[in-house]
């Protein structure tokens, strides 16, 4: 009779221990394999995967040295009334406004924006959309609804403010923009790569 048959209980525990050990090894092996596959499938962080603000296709230059960067243009029209410039826009534009004696007034489908003094800000406003957005890096901007509303009170926008408006629910809301890094980085790049091939629009 073999020694294993003499001690059946010891044999059982020995076999059970070996099986448990093999199962534990298999479990950790599979876990490590899954982690490696997940790591390989995840995109690496970098310029190709990060959100990017479009590069300007054109830059408009006004007589007072205001620059309007075209990020996505559907339409834009310019006019001048004494010391006030008036812009009607449909699309995505960035405005870099110097110190000025007059005022710049921007009209979108939902907003009237009045800018006095130096300012830098982005306006995303498409006529086809129910909502619009203003991202302010710096400046003083008075934002008013351009349509009849039960809540017509304007908003005063300052540095690092974000304004969102939605006509379908008649809501205009200002809040602090907690992350302006991407827009500031974009502006720095635009400043360093300014082209002299500006478009000087005709002012009616």
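The values are calculated or read from the model by the stated rules, or taken from the named source; none is laboratory data. Quantities reported herein were computed from a predicted structural model and do not represent experimental measurements. Here the Cβ positions follow ideal geometry from the backbone for every residue, glycine too, while neighbour counts run over all protein chains shown.
Looking only at segment 63-77, which residues are under 20 Å from residue 116 (Cβ atoms) and in contact with a strand residue (DSSP E or B) (Cβ under 6 Å, 6 or more places away or on another chain)? Give the derivation first.
From segment 63-77, those under 20 Å from residue 116 (Cβ atoms) are 63-68; that's our starting set.
Answer for segment 63-77, where residues must be under 20 Å from residue 116 (Cβ atoms) and in contact with a strand residue (DSSP E or B) (Cβ under 6 Å, 6 or more places away or on another chain): 66, 67, 68.
Quickly run through segment 92-132 and pick out the residues that are under 22 Å from the mean Cα position of the chain (by Cα) and within 21 Å of residue 188 (Cα to Cα).
92, 93, 94, 95, 96, 97, 119, 120, 121, 122, 123, 124
Give the residues of segment 185-204 that are touching a strand residue (DSSP E or B) at 6+ places or on another chain (Cβ under 7 Å), under 15 Å from residue 71 (Cα atoms) and at pLDDT 90 or above, sorted by residue number.
Selection gives 187, 198, 199.
Count, please, the residues in segment 165-192 that happen to be part of a loop (DSSP other than H, G, I, E, B) and either closer than 23 Å to residue 140 by Cβ or not assigned by TED's automatic domain parsing to the domain that holds residue 144 (or both). Outline the logic, then answer.
First pass over segment 165-192, keeping only residues part of a loop (DSSP other than H, G, I, E, B): 170, 177-180.
Within this subset, residues satisfying the condition of being either closer than 23 Å to residue 140 by Cβ or not assigned by TED's automatic domain parsing to the domain that holds residue 144 (or both) are 177-180.
Result for segment 165-192: 4.
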